[in-house]
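Reading through the structure tokens given below for one structure.
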Amino acid sequence: MQELLLYDTARKYFLLLGAVAFFLLCFVNAWFGRFAPEDPSSILYINGIRSWILMELVSPTSFIATILRAAKSPSENSSAADSLNPRSKLMIAMFLAHYLNRSIISPLRSPSRSKSHISVLVCGMFVNVINGYLMATYLTSMEAQSYMERLSTSLWCFGVATWAVGFAGNVIHDEILMNIRRKANYKAKAKETTNKPKGEHYAIPYGLLFEYVTFPNYFCEWIEWLGFAIATSPFPTLPSMSSLSASSLLALPSPDNTFWPTMTPPYLFVALELLTMFPRAYKGHLWYHTKFRDSYPKQRKIVIPFIF
């Protein structure tokens with residue numbers, strides 16, 4: 001009962017956290033990347049690559065710790081890790097593959113990153129520890145395993161293939177962005193300039209989905225996690241109005257009166273990504289138009305090709 005209370009509480013406030021973040025990010029820029037100061041001198045700004053690694057490692061660490069905990073103390077509502085079905089094991093491997101690239105491979109291959117404000121690191125770690133816990137708790141539950149066993153092979157394979165396409169697209173478009181910075185560094189070394197320009201180098205990216213949207217890496221990540229959700233969880237139904245009342249939002253959920261019971265962690269994570277990344281994509285799109293003015297391709301949408 002205590003485990004179920006913790007799970008439902010984390011699930012509810014994870015979604016509410018995303019709603020609050022969406023509202024704040026519509027007015028305030030998160031201080032990292034292109035929105036970090038060009039030459040931050042405050043001690044509150046830390047190395048961009050190190051802070052990114054530390055922030056993103058929290059999610060797989062929390063994920064693995066939760067699975068190991070479930071393996072040691074299985075209950076009626078959870079399944080030990082050694083009894084997971086093959087589909088569950090593959091989804092766990094896919095989750096870890098994403099974060100292996102995101103927390104280790106990608107940042108270590110990046111030529112440089114803008115400094116990040118410590119508040120971004122703290123908020124990111126908080127979100128990631130909850131996400132890792134929720135994902136692992138769900139994927140090791142009998143609910144998830146039973147659903148994946150019943151799911152048709154064609155739909156499950158569609159979800160896995162969608163995840164793979166999104167994952168590959170995310171990696172490839174990130175590589176295009178990193179190549180812009182690599183080329184800038186090579187040119188600077190070739191010229192043997194002593195006065196290095198302040199801040200990171202930004203240029204207009206071209207190729208693949210960059211021809212259609214400003215942030216194809218965001219779009220591909222949304223596709224990736226949508227595919228993951230399709231393969232692991234039923235699509236959530238609309239909640240009852242009573243579960244969304246002011247009293248239910250403020251009160252802690254109880255095991256027999258959960259908040260939005262059909263909103264599982266995989267779809268919850270998709271919702272959180274949309275809520276937190278969309279405002280940044282919109283502001284980033286405006287930033288590109290302001291910085292490059294008439295040079296920036298006018299036909300590009302913000303984040304969804306041909307639509308928005």
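The values are calculated or read from the model by the stated rules, or taken from the named source; none is laboratory data. Computed from a prediction, not measured in an experiment: that's the story for all the values here. Counting neighbours? That spans all protein chains shown, and the Cβs are built from the backbone with ideal geometry, glycine included.
A few points about this structure:
- Each residue in segment 25-46 was checked for being surrounded by 13 or more Cβ atoms within 10 Å (Cβ to Cβ) and either more than 13 Å from HIS117 (Cα to Cα) or not hydrophobic (A, V, I, L, M, F, W, C) (or both), and 7 pass.
- A Cβ distance below 6 Å, combined with a sequence gap of six or more or placement on separate chains, defines the contacts here; from segment 286-300, residues that are surrounded by 13 or more Cβ atoms within 10 Å (Cβ to Cβ) reach residues that are assigned to a helix (DSSP H, G or I) in the pairs TRP287/ARG34; TYR296/TYR288; TYR296/HIS289.
- The lone exception for VAL122 - which of (1) buried (at least 20 other Cβ atoms within 10 Å of the Cβ); (2) out of contact with any helix residue (DSSP H, G or I) (no Cβ under 8 Å at 6 or more places or on another chain) it fails: (1)
- Criterion: out of contact with any His (no Cβ under 9 Å at 6 or more places or on another chain) and at pLDDT 75 or above - qualifying residue of ALA65, ALA81: ALA65
- Residue selected from segment 28-47 under the condition more than 24 Å from VAL270 (Cβ to Cβ), assigned to a loop (DSSP other than H, G, I, E, B) and of a type in the set (A, V, I, L, M, F, W, C), by the criterion nearest to the chain's Cα centre (by Cα): TRP31
- In segment 114-168, the residues that are touching a residue at least 24 places away in the same chain (Cβ under 8 Å) and not in a helix (DSSP H, G or I): SER114, LYS115, SER116, HIS117, THR140, SER141, LEU151
- Residue check, SER59 at pLDDT 70 or above and surrounded by 19 or more Cβ atoms within 10 Å (Cβ to Cβ): yes
- Any hit, segment 90-112, residues being at pLDDT 90 or above, closer than 19 Å to ALA229 by Cα and β-branched (Val, Ile, Thr): yes
- Per the conditions (1) modelled with pLDDT under 95; (2) closer than 27 Å to LYS301 by Cβ; (3) touching a helix residue (DSSP H, G or I) at 6+ places or on another chain (Cβ under 9 Å); (4) surrounded by 11 or more Cβ atoms within 10 Å (Cβ to Cβ), the sole criterion not satisfied by GLU224 is (1).
- Among the numbered conditions (1) within 20 Å of PHE219 (Cα to Cα); (2) touching a Ser or Thr at 6+ places or on another chain (Cβ under 7 Å), the only one that TYR147 does not meet is (1).
- If the condition is being surrounded by 20 or more Cβ atoms within 10 Å (Cβ to Cβ) and either of a type outside the set (S, T, N, Q) or modelled with pLDDT of 95 or more (or both), then segment 138-154 contributes TYR138, LEU139, ALA144, MET148.
- Selection count where residues are under 21 Å from LYS301 (Cα atoms) and either part of a helix (DSSP H, G or I) or at pLDDT 90 or above (or both), scope segment 169-203: 10
- Residues of segment 1-48 satisfying the condition of being closer than 20 Å to PHE63 by Cα, in contact (Cβ under 8 Å) with a residue 40 or more places away in the chain and of a type in the set (A, V, I, L, M): LEU4, LEU5, ALA10, LEU15, LEU17
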